[in-house]
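The values are calculated or read from the model by the stated rules, or taken from the named source; none is laboratory data. This structure is a prediction, so every number in the text was calculated from the model and none was measured. Positions of Cβ are generated from backbone atoms using ideal geometry, with glycine treated the same way; all protein chains shown enter the neighbour counts. Heavy atoms of the whole protein, side chains included, go into the accessibility calculation; ligands, DNA and RNA do not. Shrake-Rupley method; radii C 1.70, N 1.55, O 1.52, S 1.80 Å.
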Amino acid sequence: MEFTLPILPTISTTFIVLSGIFVAIGWGLIKKRKRKEHQMVMLFAAVFAVIFFVIYASRTVFIGNTSFGGPDDIKIYYTIFLIFHITLATIGAVLGIIMLYTGYKKQYAKHRKLGPMTSIIWFITAITGTAVYLLLYVFYHGGETTSVIKAILGF
């Protein structure tokens, strides 16, 4: 039995994991008051997140999304988990853009206020995104590749 991983989802998941790791490193650096290093690391985190999004969006537009291929009796739990992940990813992306803007504009009071919450949301997004990847491609073989709505909701 041969086991292969799909290349684009594997690459995109790697980039979102790298983004989460760099956010953690950046958080540690700012706690040590290393502002320049923090800025550089967080810029890398943002670049990795954008690379993830470009790969994911391109794959979605040109190929489609993979529906859940696991057992029918857990599909509803997967779907709820996926919707939770998508919601957090959207919130995290918006907050991430706000964080980049406030940091660039030196609006440090707003940046410090939103930073911890944004980082936590981003960590959860990276973890749940990795779990979605594992459920779709590692633990179970992915279902059909189809439109986003059909892949998420099953119709």
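Every condition in (1) in contact (Cβ under 8 Å) with a residue 24 or more places away in the chain; (2) of a type outside the set (D, E); (3) crowded, with 19+ Cβ neighbours inside 10 Å holds for H111 except the one numbered (1). List every residue pair whose Cβ atoms sit under 7 Å apart, with the two residues 6 or more apart in sequence or on different chains, where the first one lies in region 76-91 and is more than 13 Å from A126 (Cα to Cα) and the second, anywhere, is buried (at least 16 other Cβ atoms within 10 Å of the Cβ) and of a type in the set (K, R). Final answer for the pair search is none.
Can we say A24 is open to solvent by less than 60 Å² (accessible area, probe 1.4 Å), of a type outside the set (D, E, K, R) and modelled with pLDDT of 95 or more?
It is true that A24 is open to solvent by less than 60 Å² (accessible area, probe 1.4 Å), of a type outside the set (D, E, K, R) and modelled with pLDDT of 95 or more.
Summed over region 114-134, residues that are hydrophobic (A, V, I, L, M, F, W, C), touching a Gly at 6+ places or on another chain (Cβ under 8 Å) and open to solvent by less than 40 Å² (accessible area, probe 1.4 Å) total 3.
Working only within region 91-108, note down all residues that are farther than 18 Å from E37 by Cα and open to solvent by 90 Å² or more (accessible area, probe 1.4 Å). Hit for region 91-108 is I97, nothing else. Considered as a group, the residues in region 81-90 that are aliphatic (A, V, I, L, M) and in contact with a Ser or Thr (Cβ under 6 Å, 6 or more places away or on another chain) include one that is surrounded by the most Cβ atoms within 10 Å (Cβ to Cβ), and that residue is A89.
Would you mind stating whether Y78 is open to solvent by 30 Å² or more (accessible area, probe 1.4 Å) and farther than 17 Å from S19 by Cβ?
Working: open to solvent by 30 Å² or more (accessible area, probe 1.4 Å): no; farther than 17 Å from S19 by Cβ: yes.
So Y78 does not fit the description; no.
Taking region 40-63, which residues are open to solvent by less than 30 Å² (accessible area, probe 1.4 Å) and more than 16 Å from T13 (Cα to Cα)? Residue satisfying the conditions is V41 alone.
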